[in-house]
Amino acid sequence: MPIRLNLILPPGEHSKVVWESNQELRIGRIGGRPDLQVALDVNSVSRFQAVIRPTENGYCVIDQGSTNGSWLNGVRLTPMEEYPIHLFDLIQFGDAGFSVTRLNDEQSNPLGEPTWDRWRDPNSMIRTFSGKESAFRKLQLFAVACCRQVGDRLNPETQRILDECECRIDQIVDLRGSRLAELVTNLDSRLRRVLSDRSPYSMAHAAARLVEKSVSADLLREVFFDPWAEQPPNVDPNWLAWNNQTVPKLARTIYEDRRFDLMPILADALEDAMCNDSALVGHCRQEAQHFRGCWALDAILEADPSTGELRFGFSVSY
Ligand SMILES: [Zn+2]
């Protein structure tokens, strides 16, 4: 079975490696071994990173003792051990990612299988953003969204503190560490422990444990657009300009006033503005709850030049 490796290079560049050989595929950094089949121009990839090798039943990946590790569906590989790879698996070498698709799937599924939709393990999903500072804001907003799920009904004081945490997360441009600890001293101890964590990654992992796996996986999908998608959401300036900037005005109101109940109206406005991005419209219209960090809102706010001071460094590429 020839496989196609869909290579996703930071920052969001894409290329494809079609590999039909029954020989092993050696992967490393440009300037590494002379016999590499795939030489990546990515510093975080080692000179000889990994090998993908045919086996009796398919293929396997073997990390070659790389500095930053190789990951299969979010799990770090033990060097020199064989790990079978399957269709739709995600393989990560440093900052370079591959998704595995089959050659004959290209026709029916030219963009590759959107595996992000089907991931169920929040920890693997969070690990996808390992080492990416651009994901810090969203990881922390995800943590707050998880905290909002705890308990039947948040008391007004908890609500207020979580609101304040979100504002703080958006105000900190350099999110190297969380600085929420001082805000959360009056919170329930479970939530306080999560939000006091200085690392956005461990905060996100701890937050994911507060709720059912399926709930946190869905919340990660609310916040992060599919990181394996070939195209990040692309907001057309014409949609933003339409009807005296109805779309960005509405998006700002929803964000600032947390009027997430207006998201379906935003979907209608996008369609009226001739938006043809079905993922964007579909996300706005979905029944699931939205939160600060919602990728669709972020995409609109990030693209809107008039967002001005409210542009907290929204990022849809990570
Ligand atoms: Zn959303």
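Pairs of Cα atoms under 8 Å, at least six residues apart: use those to get the relative contact order of the range 133-223, whole percent. Numbers along the way, then the final one.
Values: 97 pairs, mean separation 36.7, N = 91.
The value is 40 percent.
So which GluC sites (Glu not before Pro) in the range 167-242 end up in coil per DSSP with only 14 or fewer other C-beta atoms within 10 Å?
Details: sites: E182, E212, E222, E230; in loops: E212, E230.
Listed in order of number, the matching sites are E212.
Under 12 Å from the Cβ of D163, count the other residues' Cβ atoms, weight Lys and Arg +1, Asp and Glu -1, and hand me the total.
On the way: positive: R148, R160, R168, R258, R292; negative: E157, E164, E166, D170, E256, D257.
Neighbour charge sum, excluding D163 itself: -1.
Plugging the Kirkwood radius over Cα pairs into Stokes-Einstein for the range 220-269, at a temperature of 25 °C and a viscosity of 0.890 mPa s, what D comes out in µm²/s? Write down the numbers at each step before the final one.
On the way: Rh = 12.3 Å.
Answer, rounded: 199 µm²/s.
Taking a ≥ b ≥ c as the square roots of the Cα gyration tensor eigenvalues, with a/c under 1.5 meaning rounded and otherwise prolate when a/b beats b/c, else oblate, which class fits the range 189-318?
Verdict is prolate for the range 189-318.
Report the relative contact order of the range 237-310, percent, no decimals, based on alpha-carbon pairs under 8 angstrom and at least 6 residues apart.
Numbers: 61 pairs, mean separation 27.1, N = 74.
Across the range 237-310, relative contact order equals 37 percent.
Classify the range 237-310 as rounded, prolate or oblate, taking a ≥ b ≥ c as the square roots of the eigenvalues of its Cα gyration tensor: rounded when a/c is under 1.5, otherwise prolate if a/b is larger than b/c and oblate if not. Display every interim value, and only then the final one.
Values: a/c = 1.60, a/b = 1.07, b/c = 1.49.
Taking the square roots of the gyration eigenvalues as a ≥ b ≥ c, the range 237-310 is oblate.
About the Cα centre, and with charges only on the beta carbon of Lys, Arg (+1) and Asp, Glu (-1), how big is the dipole of the range 237-310? Nearest 20 debye, please.
100
Taking the Cβ of S130 as the centre, find all other residues whose Cβ is under 12 Å away and add up their charges (Lys, Arg: +1; Asp, Glu: -1). Write out the running numbers ahead of the final one.
On the way: positive: R76, R127, K132; negative: D95, E133.
Residues close to S130 contribute a combined charge of +1.
Could you please rank S214, S202, S70, S99, placing first whichever residue has the fewest other Cβ atoms within 10 Å of its Cβ?
Lowest to highest Cβ neighbour count: S214, S202, S99, S70.
Compute the convex hull volume of the Cα atoms of the range 133-223, divide it by the residue count, and report the result per residue in Å³ as a whole number.
Numbers: hull volume 7.5 nm³, N = 91.
Spread over its residues, the Cα hull of the range 133-223 gives 82 Å³ apiece.
Please label the shape of the range 42-83 as rounded, prolate or oblate, based on the square roots a ≥ b ≥ c of the eigenvalues of the alpha-carbon gyration tensor (a/c under 1.5 means rounded; beyond that, a/b larger than b/c means prolate, else oblate). It would help to have the intermediate numbers written out before the result.
Working: a/c = 2.20, a/b = 1.71, b/c = 1.29.
It is prolate, given that a/c is not under 1.5 and a/b is the larger ratio.
If you take the charge dipole of the range 237-310 about its Cα centre, with +1 on Lys and Arg Cβ and -1 on Asp and Glu Cβ, which of T253, A299, N276 is farthest toward its positive end?
Sorting the options by dipole projection puts first T253.
5 Å is the cut-off here: which amide hydrogens, built 1.01 Å from N in the peptide plane, fall below it relative to V45, excluding neighbours closer than 5 in sequence?
The list, which skips near neighbours in sequence, is D95.
Read the figures in this text as sums done on the coordinates, not as results from a lab. Just so you know, these numbers come straight off a predicted model, no measurement behind them. Note that each Cβ is placed from the backbone with ideal geometry, even for glycine, and that neighbours are counted across all protein chains shown.
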